[in-house]
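A short worksheet on the structure shown next.
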Amino acid sequence: MANESSSSSASSTRILCASFNQDNSGFCVGTKDGFKIFDSETGRLCYQRAVGAFSIVEMLFSSSLLATVGAGEQPSLSPRRLCLFNTKTGKSLKELNFLTSILAVRVNRKRLIVLLQDKIYIYDYNSLAILDTIDTVPNTKGLCAFSPNMDGCFLALPASTTKGSVLVYNVMELHSHCEIDAHRSPLAAMVLSSNGVYIATASEQGTIIRVHVVSEATKSYSFRRGTYPSTIYSLSFGPSLQLPDILVATSSSGSVHVFSLASLINQRSKRSSSLLGSMFPDTVNDVFEPSHHHVLHNAVPAGVKSYAMIRSIEKISEESATYAAAFRASISIITYSGYFLDYSLSIDHLNESSWSLEREFNLLTVLAEDFTNS
């Protein structure tokens, strides 16, 4: 941990954006001074560019290609200009200019998606030809979710400003896929599983998190995060290409919530075999079942924006259907106050959980020291 004076100076350079790449092998942060790229496994600084403030930095897997947007503090870093940048050459490959500020960018090897407040532009990534534009409801927060998998490449957007409905768009085939009515209140967070099969959503109330099957636009699971409202900062599915084992959420309460989908499947299977269980809808019962919910309180300071990602899940063994399979998950958290935390979560066959903090360091301090000493 950095000493008090260095922590104080580092905190004055707050993080403006943070994102993991498509396979979670790396992550980048943007600050008032520039942007930095880290290796998720080791925490090693891989690249740093200190030329001004950035509001968006998106990686293309582990390649040298980035999509960046300035924060507007310098004329050369306009929030209306998207720059495709090569970290190996240190040069810009292409710039795209827009009439209004860019609020989000998503990319895979075939598509580049640029989100403005009320419009989406979809480009062919290689030729940068415009393939489609989508008029959207006002989306001032730039809220969206993206699944980079070619076979299930979806973009999810708010479909309403007054309720929590979601528009799911197929960006490979360029057509609207479905609309999902997820919540009564407007959306605050959403995420697609990497293969595009599931979508998780939270409303501005933040008390209930719902998971839907995208292909059927049906609600599959509902989870109660808590009784009192809280702002959900991030949602993340586990990396499994089948049913994700767990879903993790961070919120303004400072807690990290993990919901075990595997545990819930076993509970649902047992309940549906009983007469009483078959009389009640699964989504009603699921909300009030606590056994699938694991909470780490005070993981980050309350009110500090945070972004969590499930880096890996290791199955310990398979047991009978009586209990969920035991596993250990590595959960990485970036706080916008400038810290990186790596937690290990173990859930045993009795569905009891234990947490341990494996790593913690100040991103801004480490960046400066590593860059100086390299």
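The values are calculated or read from the model by the stated rules, or taken from the named source; none is laboratory data. What you see is a predicted model, and the numbers here were worked out from it, not measured in a lab. Neighbour counts run over all protein chains shown; Cβ positions are idealised from the backbone, glycine included.
Remarks
- The residue of the range 61-95 that is farthest from the chain's Cα centre (by Cα), among those that are charged (D, E, K, R), in a loop (DSSP other than H, G, I, E, B) and surrounded by 11 or more Cβ atoms within 10 Å (Cβ to Cβ), is Glu73.
- Residues satisfying the stated conditions in the range 341-357, i.e. of a type outside the set (S, T, N, Q) and assigned to a loop (DSSP other than H, G, I, E, B): Asp348, His349, Leu350, Glu352
- Considering each residue of the range 36-53 in turn, none proves to be closer than 27 Å to Gln74 by Cβ, small (Gly, Ala, Ser), modelled with pLDDT of 95 or more and in a strand (DSSP E or B).
- Consider the range 294-335 and keep the residues that are among the aromatic types (Phe, Trp, Tyr) and at pLDDT below 90. The one that is surrounded by the most Cβ atoms within 10 Å (Cβ to Cβ) is Phe327.
- Within the range 177-198, residues that are of a type in the set (Lys, Arg) reach partners that are not in a strand (DSSP E or B) with beta carbons closer than 9 Å, at six or more positions or on different chains, in the pairs Arg184/Lys163; Arg184/Gln205.
- Screening the range 147-197 for strands (runs of 3 or more DSSP E) wholly inside it with 1 or more residues that are surrounded by fewer than 21 Cβ atoms within 10 Å (Cβ to Cβ) and at pLDDT below 95 returns the ranges 175-183.
- Subset of the range 203-250 that is touching a residue at least 12 places away in the same chain (Cβ under 8 Å) and acidic (Asp, Glu) - its residue that is farthest from Ser25 (Cα to Cα): Glu204
- Phe54 vs. criteria more than 26 Å from Val168 (Cα to Cα), buried (at least 21 other Cβ atoms within 10 Å of the Cβ) and either charged (D, E, K, R) or within 24 Å of the chain's Cα centre (by Cα) (or both): yes
- For the range 185-211, a tally of residues being over 16 Å from the mean Cα position of the chain (by Cα) and of a type in the set (Val, Ile, Thr) returns 2.
- Close pairs (9 angstrom Cβ cut-off, 6 or more residues apart or separate chains): closer than 20 Å to Gly238 by Cβ and surrounded by fewer than 19 Cβ atoms within 10 Å (Cβ to Cβ) in the range 336-352, modelled with pLDDT of 90 or more and among the aromatic types (Phe, Trp, Tyr) anywhere: Ser344/Trp355; Ser346/Trp355
- Residue match in the range 110-122 (condition: touching a helix residue (DSSP H, G or I) at 6+ places or on another chain (Cβ under 8 Å), part of a loop (DSSP other than H, G, I, E, B) and basic (Lys, Arg)): yes
- Of the residues making up the range 210-253, those that are in contact with a His (Cβ under 8 Å, 6 or more places away or on another chain), in a strand (DSSP E or B) and farther than 13 Å from Ala308 by Cβ are Arg210, Thr218, Lys219, Ser220, Phe223, Arg224.
- Taking the criterion of being among the aliphatic types (A, V, I, L, M) and farther than 20 Å from Ser194 by Cα, the residues of the range 94-150 that qualify are Leu96, Leu99, Ile102, Leu103, Leu116, Ile120, Leu128, Ala129, Ile130, Leu131, Ile134, Val137.
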